[in-house]
Every structure is written in C-alpha cells, then in structure tokens.
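Comments concern the structure below.
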Amino acid sequence: MGFWLELAASGLITGGIYAVVAIGLNLQYGLMRIMNISHGEFLMLGAYLTWLAYTVLGINPLASLLPVAVALFLLGLIVYALCFRRIARTAPSVEVIEARSLLVGFGLMFLVQNAAYLAWGADLRGYSFLAEPVEIAGARFMSNRLVVFAFAVGLSLVMLAVLRWTLIGKAVRAMMQSPAGAQLVGIDTTVLHPVVFGAGLALAGVAGGLLSMVYEISPSMGEPYTVTALIVITLGGLGSALGSLLGGFILGLVEAFGMHFTSPSLKMLLSYAVLIGVLLARPRGLFSR
Amino acid sequence: MARRTGIKFVTAALLAAALASAFAQDAPIRIGYAIARTGPWAAGAQVTQEPNYIMWAEQVNAAGGLNVKGKKRKVELVGFDDRSEAETVVRTYEKLMTSDKVDLILPPWGTGANFAVMPLAQKHGYPMLSPTATGRRLLGMKNPYFFALLQQPDRMMSALAEFLKARNVGTAAMIHVDELFGLEQAGALEEAFKEKGIRIVEKKSYPIGVKDLAPVLKDIQAKNPDAFVALSYPPDTFLVTGQAKAIAFNPKVFYAAVGTAFPVYRDKMGAATVEGVMGLGTWNPKMSPAAKAYFDAHVARWKKEPDRWASAHAWAGLQILQQAVEKAGLDRRAVRDYIAGNEFNTIIGKIRFRNGENVSTPGVVSQWSGGEFEVVWPPQNATGPSLYPKPAWK
Amino acid sequence: MNTREALAATLAAGALLAAMPWLASDFALALALSCLMYAGLAVSWAMFCGPTHYLSLATSAFFGIGAYVTAWGFGTLPYLGAVLVGGIAAAAFAALVGAAVLHLRGAYFAVITFGLGELVRHAITHFEKTYAHTVGRVISDPPEAATIYLTVLAVTLAAVATAIAVRASRLGFALVGIGADEVRAQTLGVDTRAMKVAAFTLSAFFAGALGAAMAVRWTYIEPLSVFNPFIGFQTVLIAMVGGAQTLVGPILSSVVFSLLTEFLRLRFPYAFLILLGTLLIILVLYLPGGIASLVSRLRRAHA
C-alpha cells in the first residue's frame, strides 16, 4: 500500500475509535449544555453488557449493539428524569446549567463506576471477536478495528443525516440555536431533552460495545475515554457532529504520524499541543456553528 | 420504671463482663491492610493479592485459628480500599498502626503504595512481606521491616538472556512502558543481554494507556529481530499481542512481561493465539501437590484461577507470616527477626531473605504451552519443555 | 464581617489548629491535613474561578508541578524552600499558560486546563526518562509529621488571607466585573487580560505550594500519581458544592467533604463511592447554592 498510506490508514482507524466515543457526548452538550463527565461510565456499561451477552449467552457482539442501545436509551431517560431535568428547570443561566450538570456528572461517575466494581469485580475481562487480520491493498488490519471504524463513520453520517433532514433533527437543531424560539414554534423540550439525552447514552453504550471487541474491559476503563471524547469534541467544535468525526480523525492521524517521527512517549504531548494550537487559532473549535 | 431499666442495665453489664472475660483469651488477631479495590491499581490487586488475603484468613480460621506459639486464635482481617492513591494508603496505615493498633499488617498492591507504607512500617515496627513490589530502589531503602518476595528484575532478565543464549538468539528488539517498572526491567535487560552478547536492534518506550502500537511494531518487524521483548503492563501486553498478530510479526521469541501470567490473557486472546508467548511467571499447578491444592482452593473459592506469577508469591508471603507467628508470637520485632533469619517452605519452594530480598526463588522464564503457563527455563526448574521458535500466530 | 475581622478570625483559627500535632492522634492529624489541603486548594481555586465563573481543572497540573519541585529539590533545598519554589514554579507555569488560554471560556477552558495536567505529566515523564534515566523520585528522609502539618496549615492560612484581601481589593472587584460582563468591564477600562492572568497565577501559587508540601508524605513520587486528575475534580467539586462565590463555603465544604468521604470509606469499605455519588447528586439538585447557602439561610433564620 505504501508506507505512508498504511500509517495514515492506521491513524484514521484509531481516529474512528475516538470519534465513535465522542458522538454521544457531543449530542448532549450541543443541545443541552450538559457536560456529561460520566459519559465514559455508560460506555463501560455498554462494554460489560456486550461482553456478558457474548460470554454467557453466546450472542454475537454486533447483534448485541441494538439491544444495548435500547437498554442504555431507557437508562438515559431515567437518569435524565432523576438527575438532570431539575437542573434545566431551576438554573438561572446556561453557565449554571453547565456547572451543575458537571457536578451531577461527577456524582454519576462515582456511582456507576463503584456499582460496576461491585457487580463484576475489578479484574480485567475480555473476549476475542473478529480478531483475525484482513488484508486490504497489501496492508494488514485487524477486522474488529475495521468494524469499529466502519461504525464510527456510519453512525456519524446517520447522525448528520438525522439532524439535517428529519423533523426531529430539525427540532434538535432549532433548540440548539434558540431554545426560546424553538418553544415558540411548538417544539416540546420536555420530550426532546430526555430523548436526546437518552440517545447520547445509547451512543455511548454502542461505542462501549464496539470497543469491547478490540480492547479489554474493566470498571475503570471509562474515564480515559471521557477525556478523549472531550478533547475530540473540543477540537471539532462543541455541538458539531461533523466536527467530532473529523476531530477524531485528526487526533488519530496526529498520533500515528507523531509516534512514527518522534516516539510513542510524545504522542500525548503532540495531541495536546495540537488541541491548544487549534483553540488558539479558532477558539470555538474547527467546525463550530 | 427507671429502676427496672436500671436493673436490666446492670444485669446486662455484668453478663457482658462475664462473657467478655470468658472470651478474653480468644480475642481475635487483627490483621490490617489497605488495598486497591477501585482505581487503576485495582485490576492487579484484585487478581493477585486481596483474594489470597481473604482466602488465607478463611482457611486459617476453618482450621481453628492462627497458631501463636502453640495457642490458636482466630484471625480478623481489617481491610480498606485505598482507591489507588498514595495519600489514602499512608493515612489508612497510620490509622491501622496507631489508632486501631492492629497486631499485624499486610502490604498494599504495587511498588508505589509499598514505598508509601515503608517508612510507617519501620517507624511503628510492623513487618511487611510484599508480593507485588519490585525494584532496586525499594531494596535500596534498606528498610529492616520490608521483605520483597518477587524475584528482582536482574534475576528475571538474566534468566531470559540465558534462555536466548542457549537457543543461539543473536538479535532482539525491546519496548518498555514509561514507568519505573519498565525502566528497571529495561535496564536489567540491557545489562543481561550485553553480558550474553545479544544485540539490541531497536529500543522504544511508550506511555501507559497507549491505544495503538502498530506503527512501532511495524518498524521493528522491518528490522527482523530474532526476539521481541515487551516490558509491558497488562493493557499493553494485550495490545502488542493482538497487533503483532494483525501484522503477522512472527519473531522466534515473543515475550511480554506483565499480564501474560493472568488467566484472562489466555481466555481473551484464545489458547491457540497465545501458544508460545513468553512472560513473567513463576509457577503453575503442576509444580507440586501443594501448588495444585492452592490452585484448586482458589478456583473453588473465587471461581477464577490465580495468576501464574505473583499470586503464588502472595500466598507464600502469608505462609511465611503464619510460620513466623507460630514460632515468634505476636511480638512484631520478634516476628521480623524470625522472618529475616530463617528459611521457609512455601508453595514456590524454599524462601530465605537477605537484606529484604528473596534470594532463593530463581529467575525463570514462563511460556504458554497447551493452555498452561509452563516454566520453561532454567531446565532444573522447568515444568515443561520450551517451544522454540514460537509458532506463527493463529 | 469586614476584611480586618475576617483576617483576625483566620489568624485565630490558625493558632488553634496549630496546636493539633500535640493533641491529636496520628490518624486525626492525617485527616486534618487532608481537610486543610483541600481547603487551601478550594479557596485558591475559588479566588479566581468563583467571581469569573471560569471552570478550571488546572489544579492537578499546579499541584503536580509543586510536588515535582519537591521531588527534584528535596535534599538540595530545605523543605520550606521547596514549598516556596513549588508555588512559584506553578505560578510561573500559570502565567505562561494563562496568557495563551484565558481567552477561552466554558467547556473549552475546562478541557484545556484538564489537558494541562496531562501535558505536564507527559512532559516530565519524557524528560525524566530521557535525561535522568529514571521515572519517579524517592524521598528518603521526610520531615516530621508536625512540620508537614504546620507547613500545610501555614499555606492554607495564607491562601485564605489572600482570598480575603483579594475580595476587598481592586483585583477582586475587577474579577467580579469580568464574571458579570467581561466586555462591559473592558469598556470601563479594566485590563481584563492582566487581571485574569494575575488571579490565575495567584491561585496557582497556593496549589503548587500545597503539592510541594504534601509530596513528602508519599516517599515515592511519580508523575502518574501526583498528576492525578482526581485532585482537580475534587477541588472543583468541593469549591462548587461549598459555594464558589463565597469565602466560607469552600472551607466548610472541604472539611465536610473530607470527613464524610473518610467516614464512608471506613464504614462502608466496598460501596462508599456509590453513597458519595448519590449524596453529591442529591446535594447539587436540592441545595444548588451550596453549603454556604445553607449557612446563610440558617443565619437569616436566627437574625
């Protein structure tokens, strides 16, 4: 394939993994300014559910993705009703919503992580799925990573399409632009908010399910992914679905090339340097609205 | 009304006092510890260490209690979560040693946490037998109350170097994690390889939590070394295994330090895939009837296998403590002296300490073979033949 | 309570607390140390972030820098010297970085400041590994427990006193103005950039000094554990739950939080984070003004 293309492909695939993790968080923040710092914990739940389905019931992880999404969507509705609805109702300003939802997010993070420790123990778990290499144009890739990449792109495109062309997508975009205006034209936030929150959690769960095919899982696996998601959506522009897809790719490419030219130890430095650089030039991210 | 309550109270108090004095001789031995139940250290601690602590206390109590110079007393474990934080480790042991005044302590998991406890152990006189702490720096502290059970890096790396030399391996590539562990192992490896004349053609390091090492592996593959050594932690061990398989990197020797000894490595990657992979290990249930008994008991109690490296050291440490208390009682100074001055029988063989280091257990190389992590070098300690060269990834 | 009274109260509290090493058990002292440390971190965090409504997660970076100054300097510098240099190093870092990132707001600022801790951690790891051929430093002869405690007490008192002084100063008023409406503050002639950098730097000093002071307790200092992002999270949590705009809120909150966490951890060895998380959520939802609002409500009820 050519060395550089292969390196780029490797970076894009890793970037796809980053992007798929970020989609759900972006939705929640973009619409509701909820900085869900417990995002990674729901990703972790999705991973465990998929692992359980595979090892106990023998269900193909790809087939589990839909039930996991549904389960986490329903969980999202409950979590929203219990934890976030009140904030939206009682907070005097958007900044306050951000601040309080951040705190609630911390609480959820402790809660969900500890519950996972109790339920499944701290040991690393994992399973092997699609772990065979596949050859494309002379370069070899792991099948499961390719699958994750495909889903990342697919889900992002679906998300973009939904937001642009469906009625509910338009309602969501209207709400992102002007909450008051949206309500004036009859868009019901009391329905839309929980649905979007649930969708965000469902996407986190799907990301977790996909990741469980590639990496090992543990109750503490969520936090690093939350961090990655935050970087990706900040880089791409908060609220922009296209931004988080491209942001993920950029991050993956920077890491892949950075690792080759310098050393893996410096990859984090490079990633952050890129982030800071981008934010200096474009303070609202690359593709912000 | 008040008088009746008063009488009830006094009667209860007298009864309690009578009962207390009857049981006073049988007050339990309190053994305290802090260990990671949450946080980054928890994955290791909950496989290798705490399950052994709990199982040991249960076994001891089932047999009537811990033998203290002839008298049996029940063991009560006083354990807390240290949340993988050094400050919490320090504070908890301060509590255990000075407020709770426990009889004995068990160490936490990992080099960092053990460093944190060492000054306290010396200050308050509590011996600690550590199964998950390694490094010259630790032993360099010359703490008389600290005993390291694991074989130190120089031993394990020398064993690897000897094995490679015996198979006429000429070149090797090495990657290591950017941590004290990785650095010390890397340093020991470089010395050992130089001594045996093995040329290191590539050396790279990477940060903890890396998610993709394929570019590094490809670079190494291009250099075609005979042996590949990853001085890695479990997540990276899994990663390099999967990615080496993906790019069909098939060196004659594939060694990944930590994580290979965990049963989940074989279970997640598949027994066929891991066939021939080498790593840090010390034992398996085939070594002796005692080892098999320990293995079976662990599986029965925890529904999971112990790991093939430090789990056994953890159990050995508890055996040593048990034997020391039997002879020296609960005078902690006496216990420490007894541990420092004697040789013990444990499931990993005889153990004697010199300056806090276990000088008896030899450095070994282990290898997955037929679904078990066999000890394959040195020959006198081997539990099975070695596979060389490593079969291609399946 | 005016500035002079507040300062006097701080001093008095300090004098009382200074007696602890001779009155309390080792464990109680360690607990008090934890309360003091978080009080200092929360108060200095709130110094900048309270009035301006910035969400900074940079505390981990500052704390870690201070801790590493001790790791490098211990032996060469006296303990108090290391604490001072730790604070200065963190402050210098904040000044440098602040100039670059303080134009960001909200979530962007939060993510960037979070990244700073990670950035410094990786930079130090790389530097140590390449030039010093080691990762992590050992402190073999730490100061006495009483010394550590009194040092941390002194730094925290200084943080509180500084916070009191800032609130009554031009800088403090400028910060409130920036928080209310930054553009308007600028049109009124406030050099908002300079003010923000100044306050950010000041709050970083104390975080760094505290990191330098506490590091000696752990014997082994490695980047992964001293740049623990949880320190940043916990600081923000404590300050906001206490009431970031107030002075007393973060202090009260740090005491309550530290004691509550410890109590739960000891009493419920397996499930305490579940309890803590639940309590936190309930607190944020039903006491949004924080602990300080509870205090002022009680005060008004008794007025």
Please verify whether C:ARG121 is within 14 Å of chain A (Cβ to nearest Cβ) and touching a Gly at 6+ places or on another chain (Cβ under 7 Å), treating the condition exactly as stated. yes
Checked segment C:65-104 for anything within 13 Å of another protein chain (Cβ to nearest Cβ) and of a type outside the set (A, V, I, L, M); matches are C:GLY98, C:HIS103
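Does B:GLY371 satisfy the condition of being at positive phi and in contact (Cβ under 8 Å) with a residue 60 or more places away in the chain?
Answer is yes for this residue.
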### Task
Within segment A:62-81, identify whether any single residue is away from chain C (no Cβ under 14 Å), at pLDDT 90 or above and within 25 Å of A:GLY252 (Cα to Cα), and answer yes or no.
yes
Tell me whether segment C:99-110 contains one or more residues that are in contact (Cβ under 8 Å) with a residue 24 or more places away in the chain, among the small types (Gly, Ala, Ser) and buried (at least 23 other Cβ atoms within 10 Å of the Cβ). yes
Note on segment B:209-224: residues farther than 16 Å from A:ARG145 by Cβ and more than 7 Å from chain A (Cβ to nearest Cβ) are B:ASP219, B:ILE220, B:GLN221, B:ALA222, B:LYS223, B:ASN224
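Restricting attention to helices (runs of 4 or more DSSP H) lying wholly within segment B:286-394, give those where 2 or more residues are more than 18 Å from the chain's Cα centre (by Cα) and surrounded by 20 or more Cβ atoms within 10 Å (Cβ to Cβ).
Because the criterion is at least 2 residues that are more than 18 Å from the chain's Cα centre (by Cα) and surrounded by 20 or more Cβ atoms within 10 Å (Cβ to Cβ), the helices (runs of 4 or more DSSP H) in segment B:286-394 that meet it are B:310-328, B:332-341.
Results for (1) away from chain C (no Cβ under 14 Å); (2) surrounded by fewer than 24 Cβ atoms within 10 Å (Cβ to Cβ); (3) in contact (Cβ under 8 Å) with a residue 40 or more places away in the chain, shown as yes or no for each residue.
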| residue | (1), (2), (3) |
| --- | --- |
| B:ALA116 | no, no, no |
| B:PRO131 | yes, no, yes |
| B:ARG136 | no, yes, yes |
| B:MET141 | no, yes, no |
| B:ARG167 | yes, yes, yes |
| B:HIS176 | no, no, yes |
| B:GLN185 | no, no, yes |
Return yes when B:VAL60 is surrounded by fewer than 23 Cβ atoms within 10 Å (Cβ to Cβ) and either within 14 Å of chain C (Cβ to nearest Cβ) or part of a helix (DSSP H, G or I) (or both) and no when it is not. yes
For segment B:231-248, the count of residues that are within 12 Å of another protein chain (Cβ to nearest Cβ) and either of a type in the set (A, V, I, L, M) or closer than 12 Å to B:ALA173 by Cα (or both) equals 6
**OP:** Please work out if C:LEU171 is part of a helix (DSSP H, G or I), of a type outside the set (Asp, Glu), farther than 30 Å from C:ALA18 by Cα and touching a residue at least 12 places away in the same chain (Cβ under 8 Å).
**Re:** yes
- Query: Hey, does segment A:211-224 have a residue that's within 17 Å of the chain's Cα centre (by Cα) and charged (D, E, K, R)?
  - Reply: yes
Reported set for segment A:231-253 where residues are surrounded by fewer than 20 Cβ atoms within 10 Å (Cβ to Cβ) and either within 12 Å of another protein chain (Cβ to nearest Cβ) or on the phi > 0 side of the Ramachandran plot (or both) is A:LEU253
Quiz item: For A:SER101, are the conditions met, namely being closer than 19 Å to C:PRO288 by Cα, under 19 Å from the mean Cα position of the chain (by Cα) and more than 8 Å from chain C (Cβ to nearest Cβ)?
Solution: yes
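The values are calculated or read from the model by the stated rules, or taken from the named source; none is laboratory data. These numbers come from a predicted model, not from an experiment. Backbone-built Cβ (ideal geometry, glycine too); neighbour counts: all protein chains shown.
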